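Report on the following structure.
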Amino acid sequence: MLNRNGEQITLQDWANDILQAMQPVCAVLDNNATNKPYSAALAEQRLVVDDANLTASARMLAAMSEHSQPFSRFALNTSAEHARYFQAQPLDAETTAQFVAMAAESHAKQHEIESKPQLPFAEFLQRYFDQTCSQDHD
């Protein structure tokens, strides 16, 4: 049981209340889309609330158990699987150009930041801890 504004409520009931409140937002976001992607995603989350075995963590634990894998092996295998998927999906020229431009902008900002005078690390730490300690006493 959870406490919501002084009243006891189950996690499932609270989650359903939140999902219900999100429905009008999804309807607006779906606008004229025939496949109603936001409402469809919300419907999927309702299924998860109704059956905890559908949660990402439950599916992950089931896969680890099925293959007798520790988390580290599961994570590495899943990462490799995702890498293979994305490597097989080349980006179009426009998206590639956007990422190249974003990387160039990021490098320029990094260069700008690094070219400015920097505090010695010991002084940075002292200022940080002075600020943190003064906030703790407020």
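Helix content alone sets the calculated 222 nm mean residue ellipticity of the chain: runs of n ≥ 4 DSSP H residues at -39500 (n - 2.57) each, divided across all residues, give -24500 deg cm²/dmol. Using θ = phi - 60° in the Karplus curve 6.51 cos²θ - 1.76 cosθ + 1.60, the 3J(HN,Hα) couplings for region 3-16 round to 10, 10, 6, x, 10, 7, 8, 6, 4, 4, 5, 5, 4, 5 Hz; x is entered for Gly and Pro. Can you match Kirkwood radius over Cα pairs in Å to one of these, (1) 21.5; (2) 16.1; (3) 15.1, based on a calculation from the structure here? Given (1) 21.5; (2) 16.1; (3) 15.1, the structure-derived one carries the label (1). This ranking places Cys26, Cys133 by how few other beta-carbon atoms lie within 10 Å of each, fewest first, which gives Cys133, Cys26. If R0 equals 41 Å, the separation of the Cβ atoms of Ala103 and Leu2 corresponds to a calculated FRET efficiency of about 0.40.
Is the shape of region 12-63 rounded, prolate or oblate, going by the alpha carbon gyration tensor and its root eigenvalues a ≥ b ≥ c, with a/c under 1.5 for rounded and a/b larger than b/c for prolate?
Numbers: a/c = 4.00, a/b = 1.71, b/c = 2.34.
Oblate shape, in that a/c is at least 1.5 and b/c is the bigger or equal ratio.
Using only alpha-carbon positions in region 93-138, the gyration tensor eigenvalues give semi-axes of 37, 15, 6 Å once each is multiplied by 5 and square-rooted (largest first).
Bear in mind that the values in this text are calculations on the coordinates, not laboratory data. Because the structure is predicted, anything quoted here is derived from the model rather than measured. Neighbour counts run over all protein chains shown; Cβ positions are idealised from the backbone, glycine included.
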